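Have a look at this one before I ask anything.
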Amino acid sequence: MTIFLDDTAIAPLDLDAGFHALSKAHGYIPTHDELLARVDALIPRLRERAEETERLRRIPESTMAELQEAGVFKILAPKGVGGYGMGVDAYVEVVRRLAQGCPSTAWNVGHLIEHVWMLARWPKAAQDEVFAEGPAPLAAATGAPLGIAEKVPGGFRITGRWSFASGVLHSQWALLAVEHDGPGHNKVRLQCLVPIDDVEVVDTWHTAGLRGTGSNDIHAEGLFVPAHRTMEWSLLAAADNPGSRIHPDPMIHTPMATLLNIVAPSAALGAAEYALELLRGQMLKRKVKNTVENRQGDSPLAQARFAQAYGLVTTARLHWAEAASLAAASHRRQSGQVSGAGMTEEERAQYRLSFALSGEASAQAVTMIMAGSGGSAHRLAHPLQRIQRDVSVLLNHPTLATDPILEQAGRGLLGLGLTVASF
């Protein structure tokens, strides 16, 4: 049975020649600026389709085709399989900019990009399957709640119902977290890779915000998963993972925790930036009742409101940039450009705190913008009410839930030690 349970089980592998041949076949790799220019070109169309995305409760196929054409899903895919092999800087910017068009689209795309990166960390047998059709296999991933696994000859049988499977309606694969009884009846957490056709997707995503993500449930009952498509979570998350023995790309050598908290704050910031743009546009045209000015922007009070909203968005951006900088620095250390290892506990505390404060400031800005935008902003066709609902849902995600983050960040910053392993 091929399941990797500890570092000693990994044998050094030579780089696979087939991967490099595939990379050449996929041709040109854009520069960082070229990639962002492609994303910026998508923003107007994302805005045009935002209402449709919400109504469908999934990303429209026309948008998915444009995202594929732009190469967005290849960002973190290793060059050896035909990907772009880019780093944290490109990833955070892409999610943020997509959210300036449609937060639901940014949310799904951010996680689907991240999951391609996760798939590149698996052993070669699994990678041979998932990358057989190209450099950007799409996979939903969920571990809430954990499923149950039973060890059987040749693999595991898994049962569970997992929630919040973002991007599942566009995925060919699912990454499902389970646990089983290990030696001494200790619980061992595994990640299981299964074809989406082998599971049931349950239509449960009827929400106030981020409706376009289609983050439905996944159900499996006694599903057999062969051993080569199961891996212990601790190994998958480590810098020294099976894929790091296959691909030289620095991102594959980066600890999983470096990227797992990026999507929500980046989407919240991009949404707030879009909201501020909308407010500016309407202030220069809109006449407000019970005022003497010909347009809202001529009112000193409205000017002060805009300045406050602008300042909150700037605050959010600065906190976001600080956290992204810490993640990028950790990535550079792993790539060997700077001596050292992954983030220290203090750096993790700074990273999580800065992202949480960024999300909080983004939400405050959106609330202020809505309060000064009049009754028409609450029409379902108006982008501002959708942005407000999307950001409200984002703030309830664990990566932005401030109470537990503040507690753990305080411990890390005081040198008392983190007490939550997943922080």
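The values are calculated or read from the model by the stated rules, or taken from the named source; none is laboratory data. Just so it is clear, the model here is predicted, and its values are computed rather than measured. Methodologically, a virtual Cβ is constructed for each residue, glycine included, from the backbone with ideal geometry; neighbour enumeration extends over all protein chains shown.
Residues that are part of a loop (DSSP other than H, G, I, E, B) and of a type outside the set (Asp, Glu): does the stretch 266-280 have at least one? Please lay out each step first, then the result.
Keep residues of the stretch 266-280 that are part of a loop (DSSP other than H, G, I, E, B), which gives none.
No, there is no match, as no residue in the stretch 266-280 is part of a loop (DSSP other than H, G, I, E, B) and of a type outside the set (Asp, Glu).
Still on this structure, I have one more. What number of residues in the stretch 219-234 are assigned to a helix (DSSP H, G or I) and crowded, with 23+ Cβ neighbours inside 10 Å? Break it down stepwise before answering.
Let us first name the residues in the stretch 219-234 that are assigned to a helix (DSSP H, G or I), namely 227-229, 233-234.
The next check asks that each one be crowded, with 23+ Cβ neighbours inside 10 Å; those that pass are 229.
Residues flagged as assigned to a helix (DSSP H, G or I) and crowded, with 23+ Cβ neighbours inside 10 Å within the stretch 219-234 amount to 1.
Same structure, new question: What is the residue count in the stretch 256-265 for residues that are over 15 Å from ALA329 (Cβ atoms) and assigned to a helix (DSSP H, G or I)?
Summing the residues that are over 15 Å from ALA329 (Cβ atoms) and assigned to a helix (DSSP H, G or I) in the stretch 256-265 gives 4.
When the residues of the stretch 256-287 are filtered to those that are touching a helix residue (DSSP H, G or I) at 6+ places or on another chain (Cβ under 6 Å) and more than 24 Å from SER104 (Cβ to Cβ), which remaining residue is surrounded by the fewest Cβ atoms within 10 Å (Cβ to Cβ)?
Residue satisfying both the conditions and the ranking: LEU284.
I would also like to ask the following. Look at ALA328 and say whether it is touching a residue at least 40 places away in the same chain (Cβ under 8 Å), touching a helix residue (DSSP H, G or I) at 6+ places or on another chain (Cβ under 9 Å), crowded, with 21+ Cβ neighbours inside 10 Å and assigned to a helix (DSSP H, G or I).
Details: touching a residue at least 40 places away in the same chain (Cβ under 8 Å): yes; touching a helix residue (DSSP H, G or I) at 6+ places or on another chain (Cβ under 9 Å): yes; crowded, with 21+ Cβ neighbours inside 10 Å: no; assigned to a helix (DSSP H, G or I): yes.
No, not satisfied.
Among the listed residues ARG189, ARG229, which satisfies the condition of being in contact (Cβ under 8 Å) with a residue 60 or more places away in the chain, in contact with a helix residue (DSSP H, G or I) (Cβ under 6 Å, 6 or more places away or on another chain) and at negative phi? If you could, list the steps in order and put the result at the bottom.
On the way: ARG189 fails: in contact (Cβ under 8 Å) with a residue 60 or more places away in the chain.
Step by step, each of ARG189, ARG229 is checked, and only ARG229 is in contact (Cβ under 8 Å) with a residue 60 or more places away in the chain, in contact with a helix residue (DSSP H, G or I) (Cβ under 6 Å, 6 or more places away or on another chain) and at negative phi.
How many residues does the stretch 1-35 hold that are modelled with pLDDT of 95 or more, surrounded by fewer than 16 Cβ atoms within 10 Å (Cβ to Cβ) and not charged (D, E, K, R)?
The number of residues fulfilling the criteria is 2.
If PRO153 passes every condition in (1) surrounded by fewer than 24 Cβ atoms within 10 Å (Cβ to Cβ); (2) touching a Phe, Trp or Tyr at 6+ places or on another chain (Cβ under 7 Å) but one, which one does it miss?
So the condition that PRO153 fails would be (2).
Condition (residue is crowded, with 17+ Cβ neighbours inside 10 Å and more than 22 Å from the chain's Cα centre (by Cα)) applied to the stretch 186-203: is it met by at least one residue?
Looking through the stretch 186-203, at least one residue is crowded, with 17+ Cβ neighbours inside 10 Å and more than 22 Å from the chain's Cα centre (by Cα).
Does LEU210 satisfy the criteria of being crowded, with 16+ Cβ neighbours inside 10 Å and at positive phi?
Details: crowded, with 16+ Cβ neighbours inside 10 Å: yes; at positive phi: yes.
In short, yes.
Is at least one residue of the stretch 248-255 surrounded by fewer than 19 Cβ atoms within 10 Å (Cβ to Cβ), under 18 Å from the mean Cα position of the chain (by Cα) and either in contact (Cβ under 8 Å) with a residue 40 or more places away in the chain or within 30 Å of ARG332 (Cβ to Cβ) (or both)?
yes
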